[in-house]
1. If Val33 satisfies every condition in (1) of a type outside the set (S, T, N, Q); (2) in a loop (DSSP other than H, G, I, E, B); (3) over 21 Å from Leu200 (Cα atoms) but one, which is the exception?
2. Limited to region 295-313, what total is found for residues that are touching a residue at least 12 places away in the same chain (Cβ under 8 Å) and out of contact with any helix residue (DSSP H, G or I) (no Cβ under 6 Å at 6 or more places or on another chain)?
3. Does Arg160 meet the test of being assigned to a helix (DSSP H, G or I) and either at pLDDT 95 or above or on the phi > 0 side of the Ramachandran plot (or both)?
4. Pairs please, first residue from region 47-74 and closer than 23 Å to Ala96 by Cβ and without any contact (Cβ under 8 Å) to a residue 60 or more places away in the chain, second anywhere and surrounded by 17 or more Cβ atoms within 10 Å (Cβ to Cβ) and not hydrophobic (A, V, I, L, M, F, W, C), Cβ atoms under 6 Å, 6+ apart in sequence or on different chains.
5. What about Arg276, is it closer than 30 Å to Ala400 by Cβ, among the basic types (Lys, Arg) and touching a strand residue (DSSP E or B) at 6+ places or on another chain (Cβ under 6 Å)?
6. With a cut-off of at least 3 residues that are within 30 Å of Phe334 (Cα to Cα) and of a type in the set (A, V, I, L, M), name the strands (runs of 3 or more DSSP E) lying wholly within region 175-259.
7. Has region 268-280 got any residue that is farther than 20 Å from Ser133 by Cα, more than 18 Å from the chain's Cα centre (by Cα) and assigned to a loop (DSSP other than H, G, I, E, B)?
8. Does Asp256 qualify as being among the acidic types (Asp, Glu) and in the same structural domain as Phe137 (by TED's automatic domain parsing)?
Amino acid sequence: MSAPWLTVIGMGEDGLAGLGAEARRALEDADLVIGSKRLLALAPGLGRQRREWPSPFDPLIDELLKHRPGKVVVVASGDPLNYGVGRKILARIPVAEVRVIPSISALSLAAARMGWSLPDCDTLTVHGRSPASVEPFIQPDARLIVLTDGGDSVREVARRLVARGFGHSAMTALEAMGGPDERRADFTAEAVPDASFGPLLSLAVHCRAGSGAQVLARIPGLPDEAFEHDGQITKREVRAATLAALCPTPGQLLWDVGAGSGSVAIEWMRSARGARAIAFERHPERLAAIARNADRLGTPRLEIVAGPVPESLAGRPAPDAAFLGGAVADDTVFEAVWAALKPGGRLVANAVTLEGEACLIARQARLGGDLVRMAIEELTTIGGRRALRPRLAVLQWRAAKP
């Protein structure tokens with residue numbers, strides 16, 4: 001097409017007054033204007049047809065395509081590509097057919113209200129998502145700007161701060177920024193007011209760690225005690241080396257096969273924004289523990305698959321990386337994982353038994369890669385004196401699929 005037929009306009013609480021000439025012209029010329037009831041009310045009378053977008057949002061894309069190549073405008077809040085509808089639209093409609101005209105995002109407005117430099121803040125959304133996503137960002141002196149669903153989200157973020165020992169954290173709820181009904185409320189995580197909050201709200205948080213606060217780094221190697229487990233866990237030092245070899249990357253998918261406590265999958269997702277993981281586990285108690293660990297450690301989007309392997313692997317999206325911690329000596333499981341791994345994908349397998357070691361040595365001889373033995377000693381006491389006691393040595397095979 002010679003020119004975009006679809007225009008996505010970001011609008012603030014000041015409505016038409018805050019739009020530039022290009023956005024106003026697109027609205028005036030539109031055959032169809034689609035937006036939320038609130039936003040359509042801020043642009044009265046514009047567009048030959050006007051329609052509220054559906055909930056859920058996804059059917060809207062099919063509706064838009066029916067009007068191609070007519071002049072269609074979608075009105076969204078703030079910056080449509082900053083946690084907005086623009087991402088979903090551009091996932092289905094080529095960018096050459098879409099013109100995006102952003103307004104000031106709620107994140108920028110919140111930073112301005114707080115006097116914070118936006119690049120120095122962590123920004124995220126729990127709007128329509130689990131508030132557990134905030135967990136990896138709870139760090140001493142961190143500044144967070146969080147898009148929320150309103151009061152329930154605010155209280156849940158506060159609850160998580162208090163549970164981590166960050167109850168003195170300063171919180172600011174910012175509503176309807178830039179419009180005549182703008183409101184602000186300041187409080188601490190341990191003293192959230194009973195007052196009601198609106199459904200769309202930006203939350204600014206200055207994290208302040210109290211005495212004994214639980215500080216959990218985002219780099220791999222969380223303490224074993226950070227996870228609920230029954231002893232089936234890749235220990236801290238080995239886990240850190242395992243994650244370094246797996247190389248967590250934004251947007252990439254990990255298979256954690258025989259996940260146990262889910263520690264490797266969870267730390268993979270914490271290490272790179274947008275990283276995805278599937279945890280495969282057959283034991284019911286461990287499956288429940290993985291879910292609780294994922295919620296408490298901030299990876300609510302971890303996919304947990306129950307059932308035996310390799311059967312449960314069938315039909316899952318191909319991984320960019322895979323970890324074999326359980327069933328490492330099972331050739332059938334290994335072959336299924338290796339076959340599913342994308343070309344160039346990374347596989348790491350750990351063994352502590354002679355049988356497992358023999359399998360890794362044979363696979364390395366056939367497929368290449370590196371073999372590394374990790375021998376770790378830890379402090380213990382013997383007869384009132386201190387000593388270093390060796391753990392079981394771990395043989396690690398690291399390989400890249402051609």
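1. Tallying (1) of a type outside the set (S, T, N, Q); (2) in a loop (DSSP other than H, G, I, E, B); (3) over 21 Å from Leu200 (Cα atoms), Val33 fails exactly one: (2).
2. Of the residues in that region, 6 qualify.
3. For Arg160, the condition - assigned to a helix (DSSP H, G or I) and either at pLDDT 95 or above or on the phi > 0 side of the Ramachandran plot (or both) - is met.
4. So the pair list comes out empty.
5. Spelling it out, Arg276 is indeed closer than 30 Å to Ala400 by Cβ, among the basic types (Lys, Arg) and touching a strand residue (DSSP E or B) at 6+ places or on another chain (Cβ under 6 Å).
6. Because the criterion is at least 3 residues that are within 30 Å of Phe334 (Cα to Cα) and of a type in the set (A, V, I, L, M), the strands (runs of 3 or more DSSP E) in region 175-259 that meet it are 253-257.
7. Looking through region 268-280, none of the residues is farther than 20 Å from Ser133 by Cα, more than 18 Å from the chain's Cα centre (by Cα) and assigned to a loop (DSSP other than H, G, I, E, B).
8. Answer is no for this residue.
The values are calculated or read from the model by the stated rules, or taken from the named source; none is laboratory data. None of the values given here were measured: they were computed from a predicted structure. Methodologically, a virtual Cβ is constructed for each residue, glycine included, from the backbone with ideal geometry; neighbour enumeration extends over all protein chains shown.
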